[in-house]
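Here's the structure, in structure tokens; my notes come after.
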């Protein structure tokens, strides 16, 4: 973790957990979950990181669903 000068190890692992969820990477999640616990993350912090990752992952899905609906509604404008 020497490459991070301004982020503490817990923050890096919580970000890793959120990024793993957002990116859909199970091996990454397993790794960052374990490292997070090892660096002193609480289960509540891990839960929040997981929720953050879920929110990030859902954003593009929500957008594509909304766009699909717009295309159907505006079919006559094509």
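Answer with yes or no whether residue 43 is within 29 Å of residue 10 (Cβ to Cβ) and touching a helix residue (DSSP H, G or I) at 6+ places or on another chain (Cβ under 8 Å). For residue 43, the condition - within 29 Å of residue 10 (Cβ to Cβ) and touching a helix residue (DSSP H, G or I) at 6+ places or on another chain (Cβ under 8 Å) - is not met. Restricting attention to the stretch 16-46, the residues being assigned to a helix (DSSP H, G or I) and farther than 21 Å from residue 61 by Cβ number 15.
Could you count how many residues in the stretch 28-47 are under 14 Å from the mean Cα position of the chain (by Cα) and exposed (fewer than 15 other Cβ atoms within 10 Å of the Cβ)? Talk me through it step by step, then tell me what you get.
Kept after step one, since they are under 14 Å from the mean Cα position of the chain (by Cα), are these residues of the stretch 28-47: 28-30, 32-33, 45-47.
From what's left, exposed (fewer than 15 other Cβ atoms within 10 Å of the Cβ): 30, 47.
Number of matching residues: 2.
Just one of the listed residues (53, 24) is modelled with pLDDT of 95 or more, on the phi > 0 side of the Ramachandran plot and under 16 Å from the mean Cα position of the chain (by Cα), namely 24.
The values are calculated or read from the model by the stated rules, or taken from the named source; none is laboratory data. Just so we're clear, the structure is a prediction, and the values are computed from it rather than from any experiment. Methodologically, a virtual Cβ is constructed for each residue, glycine included, from the backbone with ideal geometry; neighbour enumeration extends over all protein chains shown.
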